[in-house]
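Q: Starting off with a structure, shown below.
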Amino acid sequence: MTLRAKGRWALGIQPRNFAWVIKDRLAVCERPGGYSANHRRVRRQEEIIWTREQGFGCIVSIIPSPANLHNYDELGVHYLHRPFGVADDPRKVLGRLYPEIHAMLQSGTKVLLHGEEVGDRVAGVLGGYVRYAGLVTADPQCVAIIERITNRQLEPLGRSFIAMAPYLPGTLAPTPPAPVPPPTMPILAVYKGSPVAEKPRVKASASTVSPSGRTTGSARSAGSAKAPKAPTTKAAVAKVPVAKPAVAKVAGAVKAPVVKAPVVKAPTAPVAKPAVATVPEAKPAVAKVAGAAKAPGDKAPTAPVAKALVAKP
């Protein structure tokens, strides 16, 4: 039995974080009724009614638990439960989910996908489908579109769903080209301070071994073959022997000893120093007064200087 709401709540309430991924075809929202502790039974019923009145033909739930799925049956809304938890393999779940969503969209059915919240997992699943369907041909462009729609930044988990979408079975996205290997560069060697391309190596040919143990031939070692040099002629230079004076040697001659003359030093005369007469310095006579104490700092009295009398004319 299908229950129909009447009155002011006939159109229901729009679910939280509702957004269109593909206009009038594919949408995303939070779990009807609220997430976790914010879940309300009355609000859940109103939001399910809203999805029905908006013409959504199927609600896809990727919540791991099957709780509250019976409410869709009570309100006459078709649903599809595809649990996608942390322990599930993304390739298996998405490889099954994407073909089902694509078939419903091709038949004209409006699809609403939701999880517990519009988080990284839900956003990554939607971005992966956009990439899977071939609507966007580049991963960075797909990431930017989903971030703009959901108003959140994709984490590595969501980005990994987008990256694996082109490799899932039944994908409509063009297969990414294989990476082009870098161009091969010739081996460089240092020759007289400047890098130059290494010369091709020459295989060693038959060679001979000289008596000294050295190898001779056209190629002594790989890569060290050199063209033979033309012999150079040098002008012949006649060497004239230098004549040395002949010294006659007498047999039995005895070498005379060398006698050194003694060196006699002449005695030096003593230097006479001139005699200097010392004159005792005359000290002025100072009259001593008996009983007079000499004050510190007093100077000795000087003798009066006699002045000559000059007769005036």
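The values are calculated or read from the model by the stated rules, or taken from the named source; none is laboratory data. Bear in mind that the values here come from a model prediction, so they are computed numbers and not experimental data. Neighbour counts run over all protein chains shown; Cβ positions are idealised from the backbone, glycine included.
Q: Being surrounded by 16 or more Cβ atoms within 10 Å (Cβ to Cβ) and either modelled with pLDDT of 95 or more or under 26 Å from K23 (Cβ atoms) (or both) narrows it down to one residue among G108, G127; which is it?
A: Working: G108 fails: surrounded by 16 or more Cβ atoms within 10 Å (Cβ to Cβ).
Step by step, each of G108, G127 is checked, and only G127 is surrounded by 16 or more Cβ atoms within 10 Å (Cβ to Cβ) and either modelled with pLDDT of 95 or more or under 26 Å from K23 (Cβ atoms) (or both).
Let's see how each residue does on (1) touching a Cys at 6+ places or on another chain (Cβ under 9 Å); (2) surrounded by 11 or more Cβ atoms within 10 Å (Cβ to Cβ); (3) modelled with pLDDT under 65:
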{"site": "A133", "(1), (2), (3)": "no, yes, no"}
{"site": "P156", "(1), (2), (3)": "no, no, no"}
{"site": "S160", "(1), (2), (3)": "no, yes, no"}
{"site": "T175", "(1), (2), (3)": "no, no, no"}
{"site": "S194", "(1), (2), (3)": "no, no, yes"}
